[in-house]
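The values are calculated or read from the model by the stated rules, or taken from the named source; none is laboratory data. Keep in mind the model is a prediction, meaning the values are calculated, not measured. All Cβ positions, even for glycine, are placed from backbone atoms using ideal geometry, and neighbour counts span all protein chains on display. The accessibility values were calculated without ligands, DNA or RNA, using every heavy atom of the protein model including side chains. Shrake-Rupley method; radii C 1.70, N 1.55, O 1.52, S 1.80 Å.
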Amino acid sequence: MASCCEKYNCKPPSFFERLFQKSSPKFQTQELKKCLNIFDLTVQGLAHIVGAGIFIMTPGVTKMVAGPGLVVSYLLAAAVLIFTVLAYMDLGARYRGIGNAYVYVYSALGEFAAGLVGTFMMTEIALTLALYSVGFGQNLDRYVMGGYAHRLQVKYAGTFLPDYLAENVNLMAIALIVVCCVINCIGVKQVAITNIISISYVILADIMYCILSLIYGSNNTFAHSTDPYTGRGGVFPYGAAGVVAGAAITVVAFNGFETTVSLSAEAKNSKRDVPLAVALSFAISTTIYVSVTLAIVYLVPWYSLDESTGMPASLDAHGLTVPKYILIGAIMLAGFSIALCSLTTIARGLMVFSNDGLILSCLSLVADCSQVPVVAIVTASALTIIFTIIFSFKVLIHMVSGGALLTFSAVCYTLIVISYSKQKEVVDESSGLVQNEVDNRSLTTSEAQVTPGYVHNQEWKIVGWMASFCTIATLCIVLIYGPKSWSFWKIRLPIMMALGFINILILSYIKLIYHIQPQRDPGFVCPGIPFVPATGITLNLALFSALDSAAHLMTIAYIIIGIFIYFGYGYFHSTITLSKRKELELASVSEQDEPDQ
């Protein structure tokens, strides 16, 4: 008689199998209250996107990176992100628990890749929140407190911290994060109600600003402003490179769809509402960004903007005192919105990370009274406060997009792999989730069976083909920038066209040979798979290449931190690994108790 280990196939997983073992979306989401409708979800996304981004990031990037050409940068960023948004809409409808890039990658590419993407995602959102919190604090201190908080910082911060850190301390930014931490701990519905109030006021203030710009601005200011110190002028003072760099930096300002999908488990009807909320928030925010950016550079010369307080100062330049303070009120509310949404997203991400055993289990604890992950919220708040102290505003604005663009690429990659993986869906009626379990049979030979739980056979082929695609796309992007000794038109462009043709052949081969696996009861299906998500991968990588060295170095730091966290803790405490170990122990005991036949 076969042993129990042979009977149940309970052999210990190898090192590489453990790296690629996958998790079905069996998250402890039944503890979270389902109270959000499509309006709540859309507002959450808008609050994250047009909250502080329009007031804090836009003036800074206009002055330092793109000039008036930032209008085109926002349009370019939106065009690039359409492909990523479609991927998020598909995956948001497919996985109806806590949704985020980490969850999606874990279900398709395995544990190690998910650990890296999870680190990218949560660190990136924390950096973005730090940027917006510092901008919020500077506006509040300058226009409301008359510089009192800055004077306190100068007087006392040096007592506790080295000079290079003390000068970055922003007391109002820290106070914002603490207050929003408390509100998040009270409950997610309270966060949604707060955001509805704040985002309504913010949109009205933006409309007011655009009207005033039409009245007091001029076309000459928009098209012919020249910086007297650098001699840069016109609509594109930094050239095409500035427009692309502006798009690469501002792409993170559209990241509200990550907030929306992270609340899938708390949505009343996530299959329908999450994809619609992602699309609505993206479309509305794109319109607002383009309109307000046009208004800013139409009202005052681009080079005169202050990096973090540019919009109120632009009204002050025209003596518009009352509108200035209305706008300052909008900035204050926007700061609360972005902090609330960001902390919500990071906390839900940490909760899922913890449920899978890749970080400390205490981070998944949910408070009985408010039904929110309190420990994760406090941890996210502490991490963000540390970032506000370590990095200055000018450094943060160049660092925030690298991890986001790589995360977006990973999500598009994941959608392709999942779409060609044979799956069965199990609906958990109590939690409203659809559990997508990979049925690990060959996509072309139904009789072939493989060990469940790992990326095997046909999935590996899709993973391999897409890895080749990404490598070739990266080579094409590298050729755009050099080597400079090679003529672009005679050498680099023909090589890029040949490589692009090879990539088209790879996608066509996948489309013709393999078949997209049908879903039962799909909420939204991305069109044009694999071409649409593959285009998203290419464009995201192209924008990543346009970032400066600070963003690239920070991305390397993300990778190192992610590897350290995984091999230092997650590799040994993974829920799947512990479950497999328990199966082995039970099988061993059964084998000892069972008499030989």
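Quick look at the numbers
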read-out: Test: residue in the range 234-248 that is of a type in the set (Val, Ile, Thr), assigned to a helix (DSSP H, G or I), open to solvent by less than 10 Å² (accessible area, probe 1.4 Å) and at pLDDT 80 or above; value: no
read-out: Wholly within the range 49-143, helices (runs of 4 or more DSSP H) carrying at least 1 residues that are touching a strand residue (DSSP E or B) at 6+ places or on another chain (Cβ under 8 Å) and either more than 20 Å from Ile559 (Cα to Cα) or not basic (Lys, Arg) (or both); value: 70-94, 101-108, 111-143
read-out: Unique residue being in contact (Cβ under 8 Å) with a residue 60 or more places away in the chain and outside any helix (DSSP H, G or I) when the list is Ile359, Ile385, Ile377; value: Ile359
read-out: Members of the range 355-378 found to be within 14 Å of Ile183 (Cβ to Cβ) and modelled with pLDDT under 80, listed by number; value: Ala367, Ser370, Val372
read-out: Ile537 vs. criteria more than 15 Å from Ser409 (Cα to Cα) and either over 18 Å from the mean Cα position of the chain (by Cα) or not polar (S, T, N, Q) (or both); value: no
read-out: Selection from the range 267-286 of residues that are among the hydroxyl-bearing types (Ser, Thr, Tyr) and touching a strand residue (DSSP E or B) at 6+ places or on another chain (Cβ under 9 Å); value: Ser270
read-out: Residues satisfying the stated conditions in the range 97-117, i.e. at pLDDT 85 or above and within 26 Å of Gly335 (Cβ to Cβ); value: none
read-out: Residue identified as aliphatic (A, V, I, L, M) and within 21 Å of Tyr303 (Cα to Cα) among Leu91, Leu76, Leu70; value: Leu70
read-out: The range 483-521 - residue that is in a helix (DSSP H, G or I) and touching a residue at least 60 places away in the same chain (Cβ under 8 Å) and, of those, farthest from the chain's Cα centre (by Cα); value: Ile513
read-out: Matching residues in the range 131-158 - criterion: being open to solvent by less than 30 Å² (accessible area, probe 1.4 Å) and either farther than 24 Å from Lys324 by Cα or without any contact (Cβ under 8 Å) to a residue 12 or more places away in the chain (or both); value: Gly147, Gln153, Ala157
read-out: Positions within the range 99-154 being of a type in the set (D, E, K, R) and under 18 Å from Ile561 (Cβ atoms), in sequence order; value: Glu111, Glu124
read-out: Count of residues meeting criterion [part of a helix (DSSP H, G or I), out of contact with any Ser or Thr (no Cβ under 7 Å at 6 or more places or on another chain) and either closer than 23 Å to Gly135 by Cα or without any contact (Cβ under 8 Å) to a residue 12 or more places away in the chain (or both)] in the range 390-410; value: 9
read-out: Every residue from the range 516-554 that is at pLDDT 85 or above, of a type outside the set (A, V, I, L, M) and open to solvent by less than 30 Å² (accessible area, probe 1.4 Å); value: Cys526, Pro530, Pro533, Gly536, Asn540
read-out: The range 410-438, residues that are at pLDDT 50 or above, open to solvent by 10 Å² or more (accessible area, probe 1.4 Å) and not aliphatic (A, V, I, L, M); value: Tyr413, Lys422, Gln423, Lys424, Glu425
read-out: Every pair of residues 6+ apart whose Cβ atoms lie under 7 Å, when the first sits in the range 522-537 and is closer than 12 Å to Met466 by Cα and assigned to a loop (DSSP other than H, G, I, E, B) while the second is open to solvent by less than 30 Å² (accessible area, probe 1.4 Å) and not small (Gly, Ala, Ser); value: Pro530/Ile416; Pro530/Leu507; Pro530/Ile510
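For (1) under 23 Å from Ala467 (Cα atoms); (2) in contact with a helix residue (DSSP H, G or I) (Cβ under 7 Å, 6 or more places away or on another chain); (3) not hydrophobic (A, V, I, L, M, F, W, C), each residue gets a yes or a no:
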| site | (1), (2), (3) |
| --- | --- |
| Val43 | no, yes, no |
| Val61 | no, yes, no |
| Ala66 | no, yes, no |
| Tyr74 | no, yes, yes |
| Leu81 | yes, yes, no |
| Thr84 | yes, yes, yes |
| Tyr95 | no, yes, yes |
| Gly99 | no, yes, yes |
| Glu111 | yes, yes, yes |
